[in-house]
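Here the structure comes first, spelled out in structure tokens, and everything after it is commentary.
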Amino acid sequence: MHVGLASGFAHQRGRDYDDARFLRDEVDNLVYAEELGFDSVWITEHHFSDYSMSNDPVALLTYIAGRTKHVKLGTQCIIAPWHHPVRLAEGIVNLDILSGGRAILGFGGGLAQHEFSGLGIDMNESRQRYNDLLETLIPALETGIIEGRGIFSNIPKSELRPGPIKSFEGRKFCGSLSGSSMYMAARMGCGNMVLMLPQRGKDVAPDKYTAVWQEVHGAGSTPPPPMLGGNYYVDESADYAQEQGEKYLAHTMRAAIKNYHLDTPGKFPQIKGYEHYENMVLAPEAIEPYVAEFAKGAVTGTPQMILDRMWELKEQFKPQGFFPHVYYGGMPQDEARKNMDLFAKKVLPELKSWEAEASIDDRFLEAAE
């Protein structure tokens, strides 16, 4: 079983904790993950707030590549509508070359209105930009030839130099799949990144992606097994783990509500393709109850309790790997390292010994042959 470590660069430590210090902490943690035995590290993309201070995952991963030897390097996620396909393709190729072929690609669609406006991008074009970016970029990463489609149709057929060194087949994913994004992800052969886990005891949502995949690729075909994310807190005391895990995940959700303007009614109906998000907007009195309920989604407990829950998730989702967040929500650096260390010592060895029906690591071996 492939096991990575994800970070949302969630800087909810307050203004007194310097941004530069926080960024160095985050990068050092991901470099340290290789020493602990994690198979990959994953970085998200956000702009203009402390919700997530990772504004260039490809560049950060390229730096981490230079400080590591083996750990694979994943984007969770590159927000497709915010990028020009040529510049993004060049950055990805550079990352893959300089890391010796360790890149894993994950793409998402974006939701925060202030991020779109701050980047000078019309959010009404988001869905089309998402589709056009993937349809332009992914074939180029296979062939080394890029040519614009849709919004980017002004890009003439051009050769990427340097060109890609090997196929990205089997190491490309899309996160938070919904609506039309599922169809483009399926067309491009992407696996699903399950970023939010169901609470224990609650029904797992039906697997819509497999149905969409079969519409695109034919009855009986199946998408690549998913990668599973989620938030984890491990401690020898189950009560302490639950208290801390839920506290920090609550911090994350409060920051998310603010970042995505889910506390401000009337914004989403004006944005093409995002109208349904108005149903998620919370009245002031509903925010804290929602946060408390969401925080229960943290996977917490002793090492054995964590393993028991991850086994349940393995049986439910049949993943090819996990990429847990083990620090989040402004968790202090010493506590983040403590959680990393205990997870690596008491959970990681058994977790990696589990069999997966398919593995992203097999695709890396195939691509290297």
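Below are the figures for this structure:
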quantity: Net lengthening on full extension, ARG187/TRP311 (0.36 nm per residue, minus Cα-Cα); calculated: 41.6 nm
quantity: Rg to Rh, two decimals, where region 208-301 supplies the alpha carbon set and Rh follows Kirkwood; calculated: 1.12
quantity: Fluctuation leader among SER126, SER237, SER49 - the chain, Gaussian network, Cα springs under 10 angstrom; calculated: SER237
quantity: Lysines whose Cα lies under 27 Å from that of LYS352, excluding same-chain neighbours fewer than 8 positions away; calculated: LYS69, LYS72, LYS166, LYS172, LYS202, LYS296, LYS314, LYS318, LYS338
quantity: Region 67-145 - Debye-derived log10 I(q)/I(0), Cα point model, q = 0.12 Å⁻¹; calculated: -0.38
quantity: Length gained when the stretch PHE48-ARG21 is fully extended (0.36 nm per residue, less Cα-Cα span); calculated: 8.0 nm
quantity: Globularity index of region 293-359, i.e. its alpha-carbon radius of gyration over 2.2 N^0.38 Å; calculated: 1.17
quantity: For q = 0.15, 0.19 Å⁻¹, Debye-computed log10 I/I(0) when each Cα of region 1-142 counts as one equal scatterer; calculated: -0.77, -1.15
quantity: Cα-derived Rg over Rh, computed across region 1-47 with Rh taken as Kirkwood radius; calculated: 1.03
quantity: Relative contact order computed over the chain (Cα-Cα under 8 Å; 6+ residues apart), in percent; calculated: 20
quantity: Estimated FRET transfer efficiency when R0 is 22 angstrom, pair ASP203-LYS352 (beta carbons, to 0.05); calculated: 0.15
quantity: Debye intensity ratio I(q)/I(0), log10, region 38-85, q values 0.26, 0.30 Å⁻¹ (C-alpha model); calculated: -0.99, -1.13
quantity: Translational diffusion coefficient (Stokes-Einstein; Kirkwood radius from C-alpha pairs) of region 121-165 at 25 °C, 0.890 mPa s, in µm²/s; calculated: 223
quantity: Alpha-carbon radius of gyration plus Dmax, which is the widest Cα pair, for the chain in Å; calculated: 19.7, 60
quantity: Approximate spin-label separation SER153-GLU335, in nm, with each point projected 7 Å along Cα-to-Cβ; calculated: 5.3
quantity: Cross-link partners of LYS272 among aspartates and glutamates (Cα-Cα below 19 Å; sequence separation of 8 or more within a chain); calculated: GLU115, ASP122, GLU125, ASP132
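Each reported figure results from applying straightforward, stated rules to the coordinates on display, with no laboratory input. From a predicted model like this one, the values you see are computed outputs, not experimental measurements. Positions of Cβ are generated from backbone atoms using ideal geometry, with glycine treated the same way; all protein chains shown enter the neighbour counts.
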